1. I'd like to know if segment 151-163 contains one or more residues that are farther than 30 Å from Gln241 by Cβ, of a type in the set (D, E, K, R) and either more than 22 Å from the chain's Cα centre (by Cα) or at pLDDT 80 or above (or both).
2. Out of the residues in segment 376-392 that are among the hydrophobic types (A, V, I, L, M, F, W, C) and in contact (Cβ under 8 Å) with a residue 40 or more places away in the chain, state the one that is nearest to Glu326 (Cα to Cα).
3. Of Val364, Val373, which residue is surrounded by 19 or more Cβ atoms within 10 Å (Cβ to Cβ) and either in contact with a Gly (Cβ under 7 Å, 6 or more places away or on another chain) or in contact (Cβ under 8 Å) with a residue 40 or more places away in the chain (or both)?
4. Quick one: Ala354 ticks every box in (1) under 16 Å from the mean Cα position of the chain (by Cα); (2) farther than 23 Å from Ala45 by Cβ bar one, so which box is it?
5. Just wondering, is there one or more residues in segment 182-200 that are modelled with pLDDT under 70 and of a type outside the set (Lys, Arg)?
6. Would segment 287-298 turn up any residue that is within 29 Å of Gly384 (Cα to Cα), modelled with pLDDT under 85 and among the polar types (S, T, N, Q)?
7. Do any residues in segment 186-202 that are closer than 20 Å to Asn121 by Cβ have Cβ atoms under 6 Å from those of residues that are at pLDDT 85 or above and β-branched (Val, Ile, Thr), where the two are at least six apart or on different chains, and which pairs are they?
8. Go through segment 165-199 residue by residue and tally those that are in a helix (DSSP H, G or I) and among the charged types (D, E, K, R).
Amino acid sequence: MQKKFVSSLILLLLLNLLVKPLWIFGIDLTVQNRVGASEYGFYAAVFSFTLIFNIVLDFGLTHFNNRAIAQDRVQIARNFSQITGIKLILGLLYFLVSICIGYLLGYTSAHFALLMVLTANQFLASFILFLRSHLSGLHLFKSDSILSVLDKLLMIITCGLLLYTSVLSAEFTIMHFVWAQFVSYVIAAVVGFVMVLQKAKIFVFKIDLESFKKNLHKSLPFALLILLMALYTRVDSIMIQQLSGSFENGIYFQAFRLLDVFNQVGYLFAVLLLPMFSSMLAKKEAVSNLSRLAFSLIWVGVLAIGTPLWLSASEVMDYLYVNHSELSTPVFQILIISSLAFGSTYVFGTLLTAAGNLKALNSVALSGFLLNVVLNFIMIPHYGANGAAIATVFTQFVTAIAQIVLSFKLADLSFGLSYWWRLVICTILTFLLSYLMWLTGLHPVVFIVFSTVGSLGSAMLFGIINVRAAIELIQSRIRKPDLG
């Protein structure tokens, strides 16, 4: 299972490293530079609002479906037909909830115009994730990897035409951006539907209220977890916009964009780990080795790239943004620290989810949400985007540590004391190595590359990343390729 995890992870990372950076830096970042910090900050606040209440679209059905199919593949045909009908009901409910809460927040007509399209986009994105849960539940990680980047690839094409060609005669606005996303989501959803239909063999559209109640009852703990995690990871954007204005929120998102890249890598780990953990736990197999492997890879990877980015933050932000880079640089330096906590959460939170320890996870998530809200109310009025960043770092590390402790207690993990000492030494050495290179005054790109390579080398030296195991893995994959 470790071999399949790593080989699937390599493919998933390669595809996403090709497509996601193009989307984030070539399209999304260009849009903010084109429309300005205030208009993008306005969009970001509404977008975060739709993400928080995205749970109404799913109520945990996607996680439940992934876990159920991983444990019993026969369920795919039944779940595909039954839950698709349920998703349509939830889509209508999500639309109504979004409108009502937007009204209570005092949204203007401009807010609602944007909200209409973004709610449609969130429904399509949620449906694509639901389709992907069938593929990953069957361990068809190659198919899942392709579908995971298809929507972004289509967005790159459509938005690229609007931004970089003369197709659009009028001035580019944020509405052009969200409509281009809508078209891309529709195409990706149709492709994903066909892919799953080929595996399920049959699809009978129906809205079964009894099935709805049954599945909803099973998935509610998952739904509560997703809602709480969305609240404490996305509520900061809404609070910044409400307490300090759209411009300050735009500054925050200039910094958050790079953190989001790091989080996407961790999310990819979680996508692969959830069905693997679920399958192993159902078979009473030990998960310590896979947990340690996943945690080591994400910790070392984030540390190796994040440290030089933190040191050269000013040059990076100045290169990326046309305006206000000096304001977003300190925000980015604070936020990037939380990437280590985010990565840990994606590993150990996923393990607890697969093990069905949702009560413990929900308690952690609720505590994280309450802590984040309190800290934001204290910090944002005085420090704006910097205050929200500090609240994010503190909250993420508290919740990550809690999830690690719970995982070792409830899943009976054992990494060994030697491993933790080597990880601590490797972490300190990585920072010192990067700092010494930074003092030499190397070109930022050269510095980041050399520092990253040096950090990975130190991880191999201390045995955090096992080179021999990696070579054996590659040889085994050549001899026996994965046909999934």
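The values are calculated or read from the model by the stated rules, or taken from the named source; none is laboratory data. None of these values were measured; they are calculated from a predicted model. Here Cβ is always computed from backbone atoms with ideal geometry, including for glycine, and neighbour counts include all displayed protein chains.
1. For segment 151-163, residues farther than 30 Å from Gln241 by Cβ, of a type in the set (D, E, K, R) and either more than 22 Å from the chain's Cα centre (by Cα) or at pLDDT 80 or above (or both): absent.
2. Taking segment 376-392 and keeping what is among the hydrophobic types (A, V, I, L, M, F, W, C), we get 377-380, 385, 388-391.
Of the ones still in play, those that are also in contact (Cβ under 8 Å) with a residue 40 or more places away in the chain are 377, 380, 385, 388-391.
Numbers: Phe377: 24, Ile380: 19, Ala385: 13, Ala388: 17, Ala389: 16, Ile390: 18, Ala391: 21 Å.
Among them, the one singled out is Ala385.
3. Every option except Val364 fails the conditions.
4. Result: Ala354 fails condition (1) only.
5. Looking through segment 182-200, at least one residue is modelled with pLDDT under 70 and of a type outside the set (Lys, Arg).
6. No, segment 287-298 has no match at all.
7. Ala188/Ile128; Ala189/Ile128; Gly192/Ile128
8. Of the residues in that region, 1 qualify.
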